[in-house]
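What follows draws every value from the coordinates through simple rules; no lab data is involved. Computed from a predicted model, the values in this text were never measured in an experiment. Backbone-built Cβ (ideal geometry, glycine too); neighbour counts: all protein chains shown.
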Amino acid sequence: TYNGVNVRLRYVLKVTVTRGYAGSIVEYQDFVVRNYAPLPPINNSIKMEVGIEDCLHIEFEYNKSKYHLKDVILGKIYFLLVRIKIKNMDLEIRRRESTGAGANTHVETETLAKFELMDGAPVRGESIPVRLFLTPYDLTPTHKNINNKFSVKYYLNLVLVDEEDRRYFKQQEITLYRLKEETSS
């Protein structure tokens, strides 16, 4: 079950009572389906370098690329070269919903979370820790190409803003899944 900006995936129970002397009675009842996923067998970390030639060079690392909906994103951002005056740095979680196919594809991007990692100018060699809890946010599992109609993908967007309000960013796709909750007997 998924309720998005441009698409709604729903499961319906349809009951039809056929009457010979009068028209049939048809009733619909929606119900929620939660698909659970096992722990992924391979969950590589994300490590990337990004920079502006002779001005800025940073390296960021996140502990994994697949997260369950109640997980914590852990990582570090390393400043290898800083020659521009950075004002602040944020980490955003973005949901990208794609509907349609081919030339008729419509993409809607929504920022679900914005988390300030740093306020003020970093220095060369500085390391900024990342710890972002996913529980407070309205997240759903990643949906890839459902019936060739729609997809829902999530991205971590690292945003740096300099003193002249120029924005530098780097996006990295992540996969979200629903882990079966353990029930106590």
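Among the residues here, residue 162 qualifies as surrounded by fewer than 17 Cβ atoms within 10 Å (Cβ to Cβ), in contact (Cβ under 8 Å) with a residue 24 or more places away in the chain and not hydroxyl-bearing (Ser, Thr, Tyr). On the stretch given as the stretch 87-127, residues that are acidic (Asp, Glu), within 19 Å of residue 160 (Cα to Cα) and assigned to a strand (DSSP E or B) total 5.
Of all the residues that make up the stretch 16-48, how many are under 19 Å from residue 143 (Cβ atoms) and either hydroxyl-bearing (Ser, Thr, Tyr) or outside any loop (DSSP other than H, G, I, E, B) (or both)? Number of matching residues: 3. Of the listed requirements (1) at negative phi; (2) in a strand (DSSP E or B), residue 164 misses just one: (2). Which of the residues belonging to the stretch 28-47 are of a type in the set (Phe, Trp, Tyr) and either within 19 Å of the chain's Cα centre (by Cα) or surrounded by 11 or more Cβ atoms within 10 Å (Cβ to Cβ) (or both)? 36, the sole residue that qualifies. Regarding the stretch 128-135, can at least one residue be identified that is surrounded by fewer than 15 Cβ atoms within 10 Å (Cβ to Cβ), more than 30 Å from residue 36 (Cα to Cα) and in contact with a Lys or Arg (Cβ under 7 Å, 6 or more places away or on another chain)? So far as the stretch 128-135 goes, yes, one or more of its residues are surrounded by fewer than 15 Cβ atoms within 10 Å (Cβ to Cβ), more than 30 Å from residue 36 (Cα to Cα) and in contact with a Lys or Arg (Cβ under 7 Å, 6 or more places away or on another chain).
In the set (1) outside any strand (DSSP E or B); (2) touching a residue at least 40 places away in the same chain (Cβ under 8 Å), the condition left unmet by residue 153 is number (1).
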